[in-house]
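The values are calculated or read from the model by the stated rules, or taken from the named source; none is laboratory data. Just so it is clear, the structure is predicted and the values come from calculations on it, not from any experiment. SASA here: full protein model, heavy atoms, side chains in, ligands and nucleic acids out. Shrake-Rupley method; radii C 1.70, N 1.55, O 1.52, S 1.80 Å.
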Amino acid sequence: MFIVTKNEIADILSEIGTLLELKGENPFKVRAYQSGARALEGIEEAELARLIAEKQLESIAGIGSALALKIGELYTTGRLEFYDNLKASIAPGLVELLQIPGLGPKKIRALHDKLGIDSIAALTEACQAGRIAELDGFGAKTQEKILAGIKNREAYGRRHLWWDAWVVAEPILAGLRALPGVKRAEAAGSLRRGAETIGDLDFIVASSEVAQVVAWFTTLPEVKEITAQGETKASVRFESGLQADLRIVPEEQFVFALHHFTGSKDHNVQMRQRALARGLSLSEWGLVRSEGEGTVKEKVGVNPTLKGKSASGQQRAIDSEADLFAALGLRFIPPELREGLGELEFAEKSDLPRLVEAADLCGAFHNHTTASDGSNTLAEMTAAAEALGWQYLGIADHSKSSVQAKGLAEDRLLRQIEEIHGLNASKRFKTHVFTGVECDILPDGRLDYDDATLAKMDYIVASIHSAFAQDEATMTARIIRAIENPYTTMLGHLTGRLLLRREGYRVDANKIIDAAVTHGVMIELNASPWRLDMDWRLWRKASERGVLCSINPDAHDTEGLGHVRAGINSARKSGMTRDQVFNTRSLDEVKKYFEARVKPST
Ligand code: DGT
Ligand code: CA
Ligand code: CA
Ligand code: ZN
């Protein structure tokens, strides 16, 4: 089946060349794969399909009979046994060494043969012991460079928070759109899909002024290194270690390139299979009618400015992603849902629901002030909420057991409540402030204040901040006990994870969701870019079961209020609609909700 593209085949061929070289194979054999990869890059996708179908691949300079067979196998089955066996025959640590700048297959081979080095750890050790400097063909300079490369890899090899990537991407996107000759520009990839972490940025640009766009992109002041540059594409690395790919395409290809490079890979594979089943072939270049096995003829989807026609003779303009999905019998699938998790089946059957948007939010709960560990005062936070146009702001400073965060003992808490009542009464701001607290769930599941104190606030966010090492059963029972407490309005950050830094504590999320349903307790989607907790994958089920979500910025300063935007990404990825999000409700509705909650001892 046709699920492997020309470029993917070319990549595999050149990887085979590298792996063979790593194994010390005959240089002619190595070169055969490298030139095969280059030869493929020079032909069109449709041409490749035709050549394979007609068994004419060998007519291309640089592709011999052995290579033609392998390309055919890859193209028609999606796999290549030779490649799988080759990969399995090489120590993975050796392949990993290829990621270190300045180390090619030949040098790695020498390191392996002479010093038995087969991993980055072993290489680091050898460098530190000065053994690389003594090696023929290496020397002290090379050793230094390798060590620096290993350090860089640690710093750069990691993923980045969505927020950090977005902050870099936004102005670049605006800059690209402002360039003369640029018709359209979008950020694609995991950023557009709203993933919680980002490997690299992907920009897709429609422009006729290719050289100018590449030149602008590669000379951005924050670019530290140009890692690749071609006529219509470039890759750069920024100071932060974040990398970005730029691809420039003709305007009529933009929609297809945007869809392809938005991904995800799984979504793309499913889309291609769907196209195939309809006698069509979808790629980053376009949607074309495929005739018989592998051969490809006319364009189905074309930009209206191009006078192409479909096989049936009628014009079918594909000028937007919505058109592209429609051509495959699907409703528009928002990028956040394109994870290959059943979105095609859904978009085939029904109108996808309108997902919640940032503009739907009327306010937000769980925000800190200088009373605990926040860095802005109550008035500053309220002014910032007012500037965002929010009808209300929920304050939730830390409770007394969170000593390191200056948690509020009862007297200070009561004073803060008075202060908030005073602020509301003063009408100084248009934004109403709700009194609340981020109340510690103590190790045994009790809350951090007595009922009389808890009853004085509009709402309670219950969170874990201690005894992280409890086993899963204990932790789960602890959280459920807090959910059973009639004063608990919502559960804070379910797992306490810090993305890219710290795993969350172990909990049985299903049991906790069950308890939240039973007791009508909300769960927060902590929108701090470091947390995004509870995870969107779990929200799919929770929302279906009726758990109300509160998208909480957990802001520790005025800027932190804007983090709700990151929470919106995760909410959308889970398929959440406006009515499943508590803080899309109006001030009056929220007031009624809080008043209606049972307060046993008042
Ligand atoms: P990242 O950068 O790791 O956070 O994730 P993505 O999804 O941005 O991945 P990236 O930057 O490697 O590629 C962008 C999109 O391009 C990806 O989501 C799907 C598409 N794509 C890239 N390489 C392939 C491939 O080998 N096969 C298929 N089917 N799609 C690909
Ligand atoms: Ca990417
Ligand atoms: Ca990329
Ligand atoms: Zn917290």
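What is the antiparallel percent of DSSP beta bridges lying wholly in the chain, to the nearest 5? Write down the numbers at each step before the final one.
Details: 28 of 60 bridges.
Bridges in the chain that DSSP calls antiparallel: roughly 45 percent.
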For the chain, longest principal axis from Cα atoms; helix 509-519 axis from its Cα atoms; angle between them, nearest 10 degrees, is 30 degrees
Relative to the chain, whose Cα atoms define the longest principal axis, helix 410-426 and its Cα axis are tilted in degrees, nearest 10, by 90 degrees
From most to least accessible, 1.4 Å probe, no ligand or DNA/RNA atoms counted, F138, F82 line up as F82, F138
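If you count only protein heavy atoms with a 1.4 Å probe, what accessible area per residue comes out for the chain, rounded to a whole Å²? Walk me through the intermediate numbers first.
Working: 26690 Å² over 602 residues.
It amounts to 44 Å² per residue over the chain.
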Residue-ordered couplings for the range 542-559, obtained by feeding phi - 60° into the Karplus form 6.51 cos²θ - 1.76 cosθ + 1.60 and rounding to whole Hz (Gly and Pro as x), are 4, 5, 4, 7, x, 6, 7, 9, 10, 7, 10, x, 6, 6, 10, 7, 4, 5
Residues meeting the amide H criterion for G263 (H placed from the backbone, H to H distance under 5 Å, 5 or more places apart or on another chain) are G189
Expected field for M475, accessible surface area in Å² at 1.4 Å probe radius, rounded to 10, holds 0 Å²
Here the tail fraction of P(r) beyond 43 Å, over all Cα-Cα pairs of the chain, rounds in percent to 36 percent
As straight-line cross-link partners of K145, the qualifying aspartates and glutamates (C-alpha separation under 18 Å, not fewer than 8 residues apart within one chain) are E96, E125, E134, D136, E154, E225
Once the mean of 1/r over all distinct C-alpha pairs in the range 115-184 is inverted, the Kirkwood radius in Å reads 15.4 Å
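Can you put V507, V581 in order of accessible area, largest first, using a 1.4 Å probe? If you can, show how the numbers build up before the last one.
Working: V507 25, V581 0 Å².
Solvent-accessible surface, decreasing: V507, V581.
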For the range 222-236, in residue order, the Karplus 3J(HN,Hα) values (coefficients 6.51, -1.76, 1.60; θ = phi - 60°; whole Hz; Gly and Pro = x) are 7, 6, 9, 8, 8, 8, 7, 8, x, 5, 10, 8, 7, 10, 9
Counting only protein heavy atoms with a 1.4 Å probe and every protein chain in place, the carbon and sulfur fraction of the accessible surface of the chain in whole percent equals 51 percent
In degrees rounded to 10, the 0-90 angle between helix 472-484 Cα long axis and the longest Cα principal axis of the chain is 40 degrees
The answer for A185, listing residues at least 5 apart or on another chain whose modeled amide H is closer than 5 Å to its amide H, is A206
Under 5 Å from the placed amide H of L201, counting only residues 5+ away or on other chains, we find Q243, A244, D245
Applied in sequence order to the range 445-458, the curve 6.51 cos²θ - 1.76 cosθ + 1.60 (Karplus, θ = phi - 60°) yields integer Hz couplings, x standing for Gly and Pro, of x, 6, 8, 7, 10, 7, 4, 4, 6, 4, 5, 7, 10, 5
Here Rg/Rh (Cα, Kirkwood) for the range 1-135 equals 1.08
